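Take a look at the structure below.
No lab work stands behind these numbers, since they all come straight from the coordinates. If you're wondering where the values come from, they're calculated on a predicted model, not measured in any experiment. Virtual Cβ from ideal backbone geometry, glycine too; neighbours counted across all protein chains shown.
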């Protein structure tokens, strides 16, 4: 009986290894596919986030193992659209600069990914495309962010503390259906001063 319980315990621990803070199972195959399709960086430097919002460097997604979300929760301080990506040949990813109001690239197809970085703890991201609120089916990935090596990274391992999240939305299907090009998102801080942050971007699209 004790041996049987021991086997169950090991199995339970193993099954939880790849569960992110969002509660979505993230297996290795899924992450590799999303990195190939989206191509967005999994690392953002502090200076890039605070000044330009541009990517510092690129890194392949790594396993999310034992993030520590139980430290003192930081208030919501930053909400950025970091990049827009597509699997269309010759397009790839476009880094979005601070203050940029529309994409420089004209997108097409049903796979247009919006990468958002949120620093601090929010009550839950709300996003719309052309006025249509995005339900969870449009959220293709939500990964915890940790403060690592002078920046923020999705490679959260013990003893790093979760300080925010990276969201990836796929809005291509709505754009392809003729919805307007304005993407808007916002979140409310769960920590004082309970502020609301928002980000908006016009995603130029060609049917």
Can you compute the FRET efficiency between residue 110 and residue 186 using 1/(1 + (r/R0)^6), with r the Cβ-Cβ distance and R0 = 22 Å? Round to the nearest 0.05.
0.30
Gain on full stretching of the segment that runs from residue 204 to residue 135 - 0.36 nm per residue minus C-alpha separation:
22.7 nm
Rounded to the nearest 0.05, what FRET efficiency is calculated for residue 176 and residue 98 with R0 set to 41 Å and r the Cβ-Cβ distance?
0.90
